[in-house]
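A short reminder: the numbers here are calculations on the coordinates, not readings from a lab. Bear in mind the structure is a predicted one, so any value in this text is a computation, not a measurement. As a convention, Cβ positions derive from the backbone with ideal geometry for all residues, glycine included, and neighbour counts pool all protein chains shown.
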Amino acid sequence: MKSFIHVSEESHFPIQNLPYGVFSTSNQPKPRVGVAIGNYVLDLSILEDKGYFKEIIQVNKKIFNQPSLNPFMELGKEVWTKVRKKLQLLLSEDESKLRDNDELRSEALILRKDVTMHLPIKIGDYTDFYASKEHATNVGIMFRGKENALMPNWTHLPVGYHGRASSVVLSGTNIRRPLGQIKLPDQSPIFEPCRQLDFELEMGCVIGGGNQLGEPISVEEAENHVFGMVLVNDWSARDIQAWEYQPLGPFLAKNFSTSISPWVVPLEALEPFRVAGPVQEPKPLEYLDQTKQGSFNIELEVYLKSEKMKAPTQICSSNYRYLYWSIAQQIAHHTVGGCNLNPGDLLGSGTISGPEKESRGSLLELTWRGQEPLQLEDGEERKWLEDGDELTMTGFCQGDGYRVGFGEVVGLIQPALNKEQVINKKETALNN
C-alpha cells in the first residue's frame, strides 16, 4: 500500500499509520482534527464539510471540526475502522478523487511545519501502571534488596495508581522543576526544589469507548475499547517521592507534569507488529488470562541534550514488548471491580525497561540511583536531570520498507520557582 504523497522510508507517518491529532493554522486558528501523512496534515474537517464521511458518520453534528478527538472516539470501533479505510483509499496512489483534485488538495493538505499541534484528547482521568518487571525489579533491589525486589502481589495483578489528568501536557511544553518536601538522611524534612528530577519512558493507551459503572470489561474485549496509543514521559521527582509515598503512593512527585506526544496512533496500525509479551508465571487468575498475543514490537529511544551540547545523546534504547502486563490485562483489572472508563481516559504503561542496562527507562535505573553517572558525549555527566536539559523520546514499529511511528515527545527543564516567593505568597495571603 502506497500513498500518492511521497513518504520516505524513515518517516513515521506513511499510509500504513495515519495517526490522529488536533491542529490549528495561523489563518485558521480554531483547532480541528487531522491525520499525519508524510510531511503533511490532512484536514479532516474539510473532507467532512464536503461529505466524504456522510455514509459512515450519521450524527447531526460536526465530528472533526472539534478541539479534541473525543467526539470521534465516542462513535466506537466500527466507525473508527470505516473512517481509517476511507482515508487510506483517498490517499492511495491509485485513487484519483483527492490526488487529481488540485483545489481540494491545496485546501485539505497542509505542511506539518506550518501547523500548531494541540493536546489531542480531553483527558478525564489518568491512570499510571507499573507494568515492567525489569523496572519493578530494579527499583525493588535498590530500595529493598534482591531477596525482596518484587512485592508479593506484583506477578499476580497489574499494579497502578490514579494520576492527575489536569497536568498532562503536550510535547514541547516546558517542565518546571517542582518544589516539595525532601527528607535527607538523619535530618528533618526540608522544603526545597527537587534535586533528583527524572524521566520515565512510557507509552499510553487512549480509551475510545468506555463501560458502564459496575460492568467490567473482559480481557478478551478490552482492546475493542482502545482508540490508539501515544508516547508518554511521566516526569518524576525521586527525592520528593521517597519521602511522601509511604503509605499511599505518588503525589507531588508525579502530579506536576506528564508529557504526551501529539499524534495518536490507531491500534489497527500496530496490528502487523503484534507479538507475545513475556511469559507470565504464575499463570494469571482467570479474569486476567489473555489467550491472544498482547504486546507490540515498538522500538523506543530516549535522547538527552544539555545547554552546552550541540546535538542530543542517546541514553536509552528499549522496546514496548518488554512489558509484563498487557493493555488488555490493565483494562480488565482496572474495571473488574466496577470502575467505569470513559472516552479520553489515558492509561500509562509505567516505565518500560528491558534486560540490558541501556534499555532501562529512567535515570533512576540508568545511573543506579545516582551511583553510576551517565557519561555524555561532550564530557558532561548526569545523575539526574538538570535545568536546561532537553529530553526527547521517540518510538516506531519497523515494517518492510516503512515505519509506523509516534513522532516525538519533548520536554525542556526549567528552574523551580523561588521557594521564598512561594512562602511570601502565604504571608501576603495571611496579611490580607
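Hey, what did the stretch 335-432 get for relative contact order, percent, Cα under 8 Å, at least 6 apart?
Numbers: 82 pairs, mean separation 13.4, N = 98.
It comes to 14 percent, rounded to a whole number.
Okay, helix-only estimate at 222 nm for the chain: each DSSP H run of n ≥ 4 adds -39500 (n - 2.57), divide by all residues, round to 500 deg cm²/dmol; what do you get? Working shown, then result.
Working: 12 runs with 89 residues, N = 432.
Value at 222 nm, helices only, nearest 500: -5500 deg cm²/dmol.
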Given a cut-off of 26 Å, name the pairs among K61/K82; K383/K419; K254/K305; K183/K357; K62/K82; K254/K425 whose C-alpha atoms lie farther apart than that in the structure shown. K183/K357
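Can you give the convex hull volume per residue for the Cα atoms of the chain, as a whole number of Å³?
Working: hull volume 78.2 nm³, N = 432.
In the chain, the Cα hull volume divided by residue count equals 181 Å³.
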Sparse-neighbour loop sites [GluC sites (Glu not before Pro); the stretch 11-117; at most 15 other C-beta within 10 Å; DSSP]: E55, E93, E95
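Would you mind calculating the gained length between F191 and N418 on full extension (0.36 nm times residue separation, minus the Cα-Cα distance), in nm to one decimal?
Values: separation 227, 0.36 × 227 = 81.72 nm, distance 1.12 nm.
Taking 0.36 nm per residue and subtracting the Cα distance, the gain is 80.6 nm.
Calculated FRET efficiency, D49 and H118, Cβ-Cβ r, R0 25 Å, to nearest 0.05? Numbers along the way, then the final one.
Details: r = 20 Å, r/R0 = 0.80.
The calculated FRET efficiency here is 0.80.
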Of Q66, Q375, Q398, which has the largest mean-square fluctuation in a 10 Å C-alpha GNM of the chain? Q375
Can you give me the P(r) profile for the stretch 1-159? Cα pairs, bins 10 angstrom wide beginning at 0, each as a whole percent. 9, 32, 25, 13, 13, 6, 1
Based solely on C-alpha atoms, express the radius of gyration and the Dmax of the stretch 308-352 in angstrom. 16.4, 51
By counting other Cβ atoms within 10 Å of each Cβ, how are S306, S106, S349 ranked from fewest to most? S106, S306, S349
Convert 4 °C to kelvin, take the viscosity as 1.567 mPa s, use the Kirkwood radius over C-alpha pairs of the stretch 205-251 as Rh, and evaluate the Stokes-Einstein diffusion coefficient in µm²/s, rounded to a whole number. 94
With the label point 7 Å along the Cα-to-beta-carbon line of R274 and a cut-off under 14 Å to each amide N, the hits in the stretch 305-338 are 327-329
How big, in percent, is the set of alpha carbon pairs in the stretch 364-432 lying more than 20 Å apart? 61
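Compute and list, largest first, the equivalent-ellipsoid semi-axes of the stretch 318-402 from the alpha carbon gyration tensor, each √(5λ) rounded to a whole angstrom.
32, 18, 14
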Radius of gyration, Dmax [the stretch 151-273; alpha carbons; angstrom]: 17.6, 54
At q = 0.11, 0.19 Å⁻¹, what log₁₀ I(q)/I(0) does the stretch 104-211 have when each alpha carbon counts as one equal point scatterer in the Debye sum? -0.63, -1.28
Considering amide H positions built from the backbone, and no H for Pro or chain starts, which residues 5 or more places from Q66, or on another chain, come under 5 Å of its amide H? V33
